[in-house]
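Worksheet: one structure, shown below.
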Amino acid sequence: MIDPLAVDQEPTDEQLAAIMDDVARVAREKRAIGEARLQETMRADHAAAQARIVYLREQFNLTRR
């Protein structure tokens, strides 16, 4: 098999298209992983903020409005 990324040769259009498809697939996968991590972080931050609100309301005897 010929390495389409070798320095001493030019890749064919088909090889270049396959490489670009692979790069796009990896980018989509990494984006999905990043979005999932962001969602998880936002859920954790929201839960922590809610717990802090409950704690402060109890500490200062405030009723929920």
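Quick test for you: out of 6, 51, pick the one residue that is assigned to a helix (DSSP H, G or I) and small (Gly, Ala, Ser). Just a single option satisfies the conditions, and that option is 51. Looking across the stretch 13-65, just one residue is open to solvent by 100 Å² or more (accessible area, probe 1.4 Å), of a type in the set (A, V, I, L, M) and more than 30 Å from the chain's Cα centre (by Cα), and that is 62.
The values are calculated or read from the model by the stated rules, or taken from the named source; none is laboratory data. Note that the coordinates shown come from a computational prediction; the quantities given were computed from them, not determined experimentally. The protein model used for the area step is the full one, side chains on, heavy atoms only, and it has no ligands, DNA or RNA in it. Shrake-Rupley method; radii C 1.70, N 1.55, O 1.52, S 1.80 Å.
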